[in-house]
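A short write-up of the structure that comes next.
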Amino acid sequence: AGGVFTKKAIKSKASMQRVRENANEFGHCSAINKAFRSALYPFYKGHKFTHFHSRLMGLFTAVKALDTTHKRGERCVANGVGQVHGLQLLEQFSYTPACDVRQVLPFELDVSSANLALTLTGFDIAQVGFADGATHIALTYGVLDFDFDRLNYDLHLAPTLVLDRSYAGSTVTLEPDTLPNGLGTALCVLGVRFYQEVAGALYVLNAKDNVGITVLKCL
């Protein structure tokens, strides 16, 4: 009833204005998504998440919608991140629902405001939610300095810590080797991966509940 749905019509017809607006913002969020997944890759190298792209699209679409500066069709994620609620969305989003890091590590996770070091207090290896068949857990922590406007980023990692089921410490601290220099928004990211020891060698487990990522804090 509305006529032929063609590329020419989308680009020129007034009735297609909303379609053009949605397409522009979708493309913008898709570019953010690609860069963000690339930035996080060291936390899940060699692993493929189901629906990771589509779930992150939902996150960035919600953040973009917080932009009250630009008109529809020109709203951007960077302006949404600039809102307090935008940072909350990044912190509260469940990046890997099949492997919830906060459930795997049910301890107090404190990020120092001085050096951005992460400390897990009250640590008890017996309370760690080990995946089936896992003998070791690897903790990877880093501060992702991400520019949501220009899509540049730097990842400041702490040395990965690998613990077996006999670990007896009650405190774990992970401190990045370098600190962000204000490139963009700083996201404190914690990742977990599980391994199985066989004949003295560690083999990564790649089931969907064996790899987890969470954003602890945004600055």
The size of the Cβ-based charge dipole (Lys, Arg +1; Asp, Glu -1) of the chain about the Cα centre, to the nearest 20 debye, is 1600 debye
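If you take the Cα Rg of the range 164-219 and divide it by 2.2 N^0.38 Å, with N the number of residues, what do you get?
Compactness ratio reported: 1.52.
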Using alpha-carbon positions, the gyration tensor of the range 84-140 gives root eigenvalues a ≥ b ≥ c; with a/c under 1.5 called rounded, otherwise prolate if a/b exceeds b/c, else oblate, the class is oblate
Once amide hydrogens are built 1.01 Å from N within the peptide plane, the residues lying 5 or more places from HIS156 or on another chain with amide H under 5 Å from its amide H are VAL143, LEU144, ASP145
Per the charge dipole of the chain (beta-carbon charges, Lys/Arg positive, Asp/Glu negative, Cα centre), the residue among LEU183, VAL101, CYS29 reaching farthest to the positive end is CYS29
For ARG72, the accessible surface traced by a 1.4 Å probe with all protein chains present amounts, in square angstrom to the nearest 10, to 100 Å²
P(r) of the range 95-219 over all Cα-Cα pairs, 5 Å bins starting at 0, rounded to whole percent, reads 2, 11, 20, 22, 19, 14, 8, 4, 1, 0
So, over other residues within a Cβ distance under 12 Å of LEU187, counting Lys, Arg +1 and Asp, Glu -1, the net charge is -3
The number of Lys pairs in the chain whose alpha carbons lie under 27 Å apart, excluding pairs fewer than 8 residues apart on one chain, is 22
In whole percent, the fraction of accessible protein surface over the range 70-190 that belongs to carbon or sulfur atoms, probe radius 1.4 Å, stands at 45 percent
The long-range amide H neighbours of THR135, using H built 1.01 Å from N in the peptide plane and a cut-off of under 5 Å, are TYR195, GLN196, GLU197
Phi-derived 3J(HN,Hα) across the range 125-131 with the Karplus relation (6.51, -1.76, 1.60, θ = phi - 60°), rounded Hz, x for Gly and Pro, is 4, 5, 8, 5, x, 4, 6
Karplus-derived 3J(HN,Hα) from phi for the range 89-102 (6.51 cos²θ - 1.76 cosθ + 1.60, θ = phi - 60°), whole Hz, x at Gly and Pro, runs 4, 5, 6, 8, 5, 8, 6, 10, x, 6, 9, 7, 4, 6
Calculated from DSSP helices alone, with each H run of at least 4 adding -39500 (n - 2.57) and the total divided by the residues of the chain, [θ]222 nm to the nearest 500 comes to -8000 deg cm²/dmol
Across 10 Å bins beginning at 0, the whole-percent shares of Cα-Cα pair distances in the chain come to 8, 30, 30, 18, 9, 5, 1, 0
Per residue, accessible area of the chain with a 1.4 Å probe, heavy atoms of protein chains only, in Å², comes to 52 Å²
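The values are calculated or read from the model by the stated rules, or taken from the named source; none is laboratory data. It should be emphasised that the depicted structure is a prediction, and the values quoted were computed from it without experimental measurement. Positions of Cβ are backbone-derived with ideal geometry, glycine not excepted, and every protein chain shown enters the neighbour counts. The area values use the complete protein model at the heavy-atom level, side chains included, leaving out ligands, DNA and RNA. Shrake-Rupley method; radii C 1.70, N 1.55, O 1.52, S 1.80 Å.
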